[in-house]
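First comes the structure, then the notes that go with it.
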Amino acid sequence: MSGADHTSITYRYERWRALSAGILETAGTTFLLLIAVRYYQAGSSAKALVAAGGSLGLMLAPWFVSRVAASGWPVARAASRLAALGALSFLAMALVPVLPLFVAGSVLAMTTSSIVIPLLTQIYQENYPERQRGKLFSRAFMIRIATAAAFSEIAGRALSGHISRFRWLLIVFAGAFAFAAFCLARIPSRPLAALAGTHPFRALRYARSDRVFRQTLISWMFLGFATLMVGPLRVEYLANPKHGVTLHGAPLTAASIAVLTGVIPNIARLLLNPLWGWLFDRMNFFVLRITLNLGFALGAVSFFVGGTMPWLVVGAIFFGVSNSGADVAWSLWVTKFAPPERVADYMSVHTFFTGVRGVVAPLVAFHLVSGLSLQLIGWIAVGLILIAISFLIPEIKFGKEARKAAALVEEVSE
């Protein structure tokens, strides 16, 4: 089979898989937490674990990649089996609706969805020509964003006033994972090269030896901690009656919550994604990152401090616009600064620390909210973002030395 055939087959099945990815994205951003709050009335620790599942996968990704390499499996087959495990997790959650299994299943399912990212990157590296890689990925990613927006609206309406229907939603998520497994199993790929005796976390040394990389990682830790802390709290804020968010004097319906956490942000993300990609190629990276950070800060203030529906909408728009730029910046920034032969190593360090803060931030957030107001937590997030900006300002001069980035695509930002 020729390289062109590999490209054509991969692109065909990746566009189909984007439909599943869009549906599953809504599980992590909205519906699992909504179910935990509204149906199970889960406590702080349970909600934090549900929110942290995807980040746990990011944190474990370097270890998992080393295991796949040692196994000799083609990477698409390994990715397909992970997706099948995610499908079984959601199916078990639907069949046995008890809180402990719901939490464990949510963590396992979301872990499988994110731990697979390096394997997908390897597939794109092998099967997409370098000059077309970003374009082919972006086209499939646009399908994912549009699907996430549409499914948020449909599923939100289905659950409004009928939260007990969530078991059918979990079955849909299981079906999406199963379809993703079907698509991945048909994509051509090769086994990873096994490096005997190499520690899976060896790349962490670059955070010590490269000053610009280290400073940027520190800044990203403050920013990411803030955004990953307030991200799941958006659902908590809207869904938990104790926070007093109402529409016409009544608690928000599942449809309204889905619109504010899924539909509006994803529409903004869809519309602005091409602009941020254009700016990324032409703008000083550190100025671009500071701009995005300010957008996240304004979103946190609008959403949690504004207190009225118009401000919630404004906050959702800010979140979507900023996250649109973060999709690009998160996945591509190391290609501008890492030595060309070390891009994958640098990215694995970035991904690892994203997972660390993604596990810790929800735990901190949901325990803080038991004693502090969400308005105060919103201001704390703004303070963390301003600290992140302070680390980037001295680095602006190094942005002029950055290389033009080649696409190194990922599926998670912040």
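Can you list which of the DSSP-assigned H helices in the chain have a Cα extent of 20 Å or more along the long axis and an average Kyte-Doolittle score of at least 1.6?
Span-like helices, by this rule, are 166-185, 285-305, 374-392.
How far apart, in nm, are two points set 7 Å out from the Cα along the Cα-to-Cβ line at VAL212 and at PHE182?
4.7 nm
Counting other Cβ atoms within 10 Å, which trypsin sites (Lys or Arg not before Pro) in region 76-161 have at most 14 and lie in a DSSP loop?
Answer by residue number: ARG131.
Using 0.36 nm per residue of separation minus the Cα-Cα distance, give me the extension gain between HIS367 and LEU204 in nm, one decimal.
Working: separation 163, 0.36 × 163 = 58.68 nm, distance 2.98 nm.
Separation in residues times 0.36 nm, less the Cα-Cα distance, equals 55.7 nm.
How high is the relative contact order of the chain? Use alpha-carbon pairs under 8 Å, at least six apart in sequence, and give a whole percent.
It rounds to 27 percent for the chain.
Under the Kirkwood approximation applied to all pairs of distinct alpha-carbon atoms, what is the hydrodynamic radius of region 92-244 in Å?
Working: mean 1/r = 0.0506 Å⁻¹.
Hydrodynamic radius (Kirkwood, Cα pairs) of region 92-244 is 19.8 Å.
Heavy atoms only, probe 1.4 angstrom, no DNA, RNA or ligands counted: give me LYS397, LYS336 ranked by accessible area, highest first.
Sorted descending by solvent-accessible area, the residues read LYS397, LYS336.
Can you tell me the accessible area per residue over region 124-242, all protein chains present, probe 1.4 angstrom, in square angstrom?
47 Å²
Mind counting lysine pairs for me in the chain? Cα separation below 27 Å, and the two need to be 8 or more apart along the chain or on different chains.
7
How much of MET347 can a 1.4 Å solvent probe reach, expressed as accessible area in Å² and rounded to 10?
Only protein atoms counted, so the area is about 10 Å².
Could you tell me what percent of the accessible area of the chain is made up of carbon and sulfur, with a 1.4 Å probe and every protein chain present?
66 percent
Sorted by mean Cβ packing within 10 Å, highest first, what order do the peptides 372-378, 46-52, 82-88, 104-110 take?
46-52, 104-110, 82-88, 372-378
Given a Förster distance of 30 angstrom, what is the FRET efficiency for ALA250 paired with GLN375, based on the Cβ-Cβ distance and rounded to 0.05? Kindly include the intermediate steps, with their values, before the conclusion.
Working: r = 22 Å, r/R0 = 0.72.
My answer for the efficiency is 0.90.
Specify which labelled value, from (i) 59, 55, 43; (ii) 80, 59, 43; (iii) 60, 50, 38, agrees with Cα extents along the principal axes in Å derived from the coordinates of the model shown.
Evaluating Cα extents along the principal axes in Å on these atoms matches (iii).
Roughly how many nanometres apart are two label points built 7 Å out from the Cα toward the Cβ at ARG139 and ARG12?
1.4 nm
Between ILE396 and VAL305, take the C-beta separation as r, use R0 = 25 Å, and let me know the FRET efficiency to the nearest 0.05.
On the way: r = 29 Å, r/R0 = 1.16.
Approximately 0.30, to the nearest 0.05.
Rounded to the nearest 10 Å², what accessible area does GLU25 have for a 1.4 Å probe in the complete protein model?
Its accessible surface works out to 30 Å², give or take rounding.
The values are calculated or read from the model by the stated rules, or taken from the named source; none is laboratory data. Note that this is a predicted model, so its numbers are computed, not measured. All Cβ positions, glycine included, derive from the backbone under ideal geometry; neighbour counts span all protein chains shown. Note: accessible area is taken over every heavy atom of the protein model, side chains too, but ligands, DNA and RNA are not part of it. Shrake-Rupley method; radii C 1.70, N 1.55, O 1.52, S 1.80 Å.
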